[in-house]
Amino acid sequence: MNEVVNLMLLDPGANIMVRNGATAEVISNPKDGVWVVVKYLSSPGDPTLEGTEDMVFAQDVVRVLETQ
């Protein structure tokens with residue numbers, strides 16, 4: 001089981017991986033610990049998501065990725 005990611009610590013610009021294997025950049029964080037607003041960077045399972053924005057639920061965040 002993956003370790004829980006604390007959304008309260010995510011700042012805009014952080015890159016995350018979500019449960020469906022997609023990667024996304026945090027563009028806004030209401031700091032409620034439940035949701036973050038992201039822009040999808042890649043989505044192997046659904047390429048139509050790439051470049052779109054959406055809210056991601058805390059339990060769907062698998063891990064924080066290293067930014068370059």
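The values are calculated or read from the model by the stated rules, or taken from the named source; none is laboratory data. Because the structure is predicted, anything quoted here is derived from the model rather than measured. In this analysis, Cβ positions are derived from the backbone assuming ideal geometry, glycine residues included, and neighbour counts consider all displayed protein chains.
Observations
- Members of the stretch 31-68 that are assigned to a helix (DSSP H, G or I) and either in contact with a Phe, Trp or Tyr (Cβ under 8 Å, 6 or more places away or on another chain) or closer than 23 Å to E3 by Cβ (or both): L49, A58, Q59, D60
- Odd one out for S42, checked against (1) in contact with an Asp or Glu (Cβ under 9 Å, 6 or more places away or on another chain); (2) surrounded by 17 or more Cβ atoms within 10 Å (Cβ to Cβ); (3) not basic (K, R): (2)
- Single residue of the stretch 8-20 satisfying the filter (modelled with pLDDT of 95 or more and closer than 16 Å to D54 by Cβ) that is surrounded by the most Cβ atoms within 10 Å (Cβ to Cβ): I16
- Residue within the stretch 26-36 that is buried (at least 17 other Cβ atoms within 10 Å of the Cβ) and either within 15 Å of E66 (Cβ to Cβ) or without any contact (Cβ under 8 Å) to a residue 12 or more places away in the chain (or both) present: yes
- In the stretch 45-57, the residues that are under 13 Å from the mean Cα position of the chain (by Cα) and either of a type in the set (S, T, N, Q) or crowded, with 16+ Cβ neighbours inside 10 Å (or both): L49, T52, V56
- Subset of the stretch 31-55 [in contact with a helix residue (DSSP H, G or I) (Cβ under 9 Å, 6 or more places away or on another chain) and either aromatic (F, W, Y) or closer than 16 Å to M8 by Cβ (or both)]: K31, D32, G33, V34, W35, V36, Y40
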